[in-house]
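Accompanying notes for the structure given below.
The values are calculated or read from the model by the stated rules, or taken from the named source; none is laboratory data. Being a predicted model, the structure only gives us computed values, none of them experimental. All Cβ positions, glycine included, derive from the backbone under ideal geometry; neighbour counts span all protein chains shown.
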Amino acid sequence: MANQGHYGGGGGTRQGLYVMTANGTLLASSNALSADKALETIQQGLEAWKQTEPAARTLPKDFDLPRRRWEASYPQGGLVLRTANTDLGPDADRNRINRDHAWFTAEEARGWLGADPQPGDTHTVSRVIVDRLACFHLVDNVRGQTLPFAPAEVAASKLTTTVVSREGDAVTFEIEGRTEAETDGTWKLGKNDWTPTTKYPRGLTTTVLGSGTFDLAAKRFTAMEMVAVGERTGRTNLNGRPEGDVGPAAIGFVLQLAPDKPSARVPPAFIDVYGAEWVVDPR
Amino acid sequence: MGRRGLAAGALALLVFMTACGDEAGPRTDAASNENGGLSTATLENYRDRILPTPAEAAWEEIDWHPSYAEGLRESSRQQKPLMLWVMNGHPLGCT
């Protein structure tokens, strides 16, 4: 269907908006960051819809699509954070904000706290949590798709939690720490869809503060929010940083509990290189 | 057409595809001393600066289907057109 759209059937991107019928008939398409242009495309599609025959509005009887998708690895009962990141500083483009989700299984998420958290306890957050955040989520994709870091490149990162209170089963805690990611561009994550063809030296350091509440009985987080503010250096092929924009420059992140609705089940951008055994590759 | 009109007029769907980054023109970013400024006193201010405003995040209130197949089935069932939004990275955020 996308091959019928604004980019045609050639190689390269298929990004954009498409309005279509259930049988795959294209009604309108465009790739625009302008809300007015997007609205125009939608209205064109709705007008074209009025001209379609009923048969075009119905799925073919033999309809089938691959049912194995990354969403199948959604960590039910675990911790799902919705992230936002943007440039900071006096010249920052406030119009660029990126979103992603960070996934942790219930077992992994338990690594935010000790086994029997008591007020005043300080706990070093587990390595799997720190690595996942520093490698795959505290990255410079504000303006475009970027590359992750390898665990060895974020080894100096550390987060700690301090229990503020424990009321019944509710454990409230504060988060603090620092992430440090640095690479000379040597690729350390094996051969996959992200493997670059050249080196992109880059780094990203942040100071992290936040808080959360964990329900020991329900074994789930009822609140979680972190802010990470730091500095980026370097660029990658597709992250929208021109060669003259390699920093150091300020960047900020917010990570919050994701809402419980279907759209929050969209997988993390780097799910395929999380390297977690519970992630089932659908390909 | 407002957001409500959009939601009522077309089913919404997002699909994850790996694609290229944006083609935005060059910009310069002055190095900032903000990176060391995060503290309990400044946390809320930073949070509010980083998060999209409610107006910017209005599209997130739409009940997007995260997969193409779900959207197609709903489109057929409800006899409504399907809007497919294809982006790189997190498909719910234009990167």
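The table below gives the values:
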| read-out | value |
| --- | --- |
| Some residue of the range A:198-210 being of a type in the set (Gly, Ala, Ser), in contact with a Ser or Thr (Cβ under 7 Å, 6 or more places away or on another chain) and without any contact (Cβ under 8 Å) to a residue 12 or more places away in the chain | no |
| The listed residue being closer than 30 Å to B:Gly37 by Cβ, at pLDDT below 85 and of a type outside the set (Lys, Arg), out of A:Asp87, A:Asp100, A:Asp64, A:Asp91 | A:Asp91 |
| Complete set of residues in the range A:231-255 that are touching a Ser or Thr at 6+ places or on another chain (Cβ under 8 Å) and either of a type in the set (D, E, K, R) or not assigned by TED's automatic domain parsing to the domain that holds A:Asp93 (or both) | A:Glu231, A:Asp245 |
| Residues of the range A:139-166 satisfying the condition of being within 21 Å of A:Thr195 (Cβ to Cβ) and within 14 Å of another protein chain (Cβ to nearest Cβ) | A:Val139, A:Asp140, A:Asn141, A:Gly144, A:Gln145, A:Thr146, A:Leu147, A:Pro148 |
| Filter result for the condition that a residue is assigned by TED's automatic domain parsing to the domain that holds A:Gly230, among the small types (Gly, Ala, Ser) and closer than 17 Å to A:Tyr274 by Cβ, over A:Ala115, A:Ala155, A:Ala134 | A:Ala134 |
| Among the candidates A:Pro201, A:Pro117, A:Pro151, residue that is surrounded by fewer than 23 Cβ atoms within 10 Å (Cβ to Cβ), within 25 Å of A:Pro267 (Cα to Cα) and modelled with pLDDT of 95 or more | A:Pro151 |
| Selected residue (only one of A:Glu153, A:Glu176, A:Glu167 is touching a Leu at 6+ places or on another chain (Cβ under 6 Å) and of a type outside the set (A, V, I, L, M, F, W, C)) | A:Glu176 |
| Identity of the residue in the range A:72-90, touching a helix residue (DSSP H, G or I) at 6+ places or on another chain (Cβ under 9 Å) and more than 30 Å from B:Arg49 (Cα to Cα), that ends up surrounded by the fewest Cβ atoms within 10 Å (Cβ to Cβ) | A:Gln76 |
| Failed criterion for A:Glu243 (all others in (1) surrounded by 18 or more Cβ atoms within 10 Å (Cβ to Cβ); (2) closer than 21 Å to A:Asp93 by Cβ hold) | (1) |
| Where A:Ser165 falls short, out of the listed (1) touching a Ser or Thr at 6+ places or on another chain (Cβ under 9 Å); (2) surrounded by 14 or more Cβ atoms within 10 Å (Cβ to Cβ); (3) among the hydroxyl-bearing types (Ser, Thr, Tyr) | (2) |
| Residue check, A:Leu33 farther than 23 Å from A:Asn95 by Cβ and within 10 Å of chain B (Cβ to nearest Cβ) | no |
| Cross-chain or 6+ apart pairs with Cβ under 8 Å, the range A:9-35 first and more than 20 Å from B:Arg73 (Cα to Cα), then basic (Lys, Arg) and at pLDDT below 95 | A:Ser30/A:Lys37 |
| Boolean, A:Val139 is among the aliphatic types (A, V, I, L, M) and either at pLDDT below 95 or within 21 Å of the chain's Cα centre (by Cα) (or both) | yes |
| Residue in the range A:94-113 that is surrounded by the fewest Cβ atoms within 10 Å (Cβ to Cβ), counting only those that are in a loop (DSSP other than H, G, I, E, B) and without any contact (Cβ under 8 Å) to a residue 24 or more places away in the chain | A:Asn95 |
| Of all residues in the range A:55-71 being within 9 Å of chain B (Cβ to nearest Cβ) and part of a helix (DSSP H, G or I), the one that is surrounded by the fewest Cβ atoms within 10 Å (Cβ to Cβ) | A:Glu71 |
| Test set (1) at pLDDT 90 or above; (2) facing chain A (nearest Cβ under 8 Å); (3) under 30 Å from A:Arg178 (Cβ atoms); (4) in a helix (DSSP H, G or I) - B:Asn45 fails condition number | (2) |
| Single residue of A:Ala258, A:Ala228, A:Ala264 found to be assigned by TED's automatic domain parsing to the domain that holds A:Glu107, touching a residue at least 60 places away in the same chain (Cβ under 8 Å) and surrounded by 23 or more Cβ atoms within 10 Å (Cβ to Cβ) | A:Ala228 |
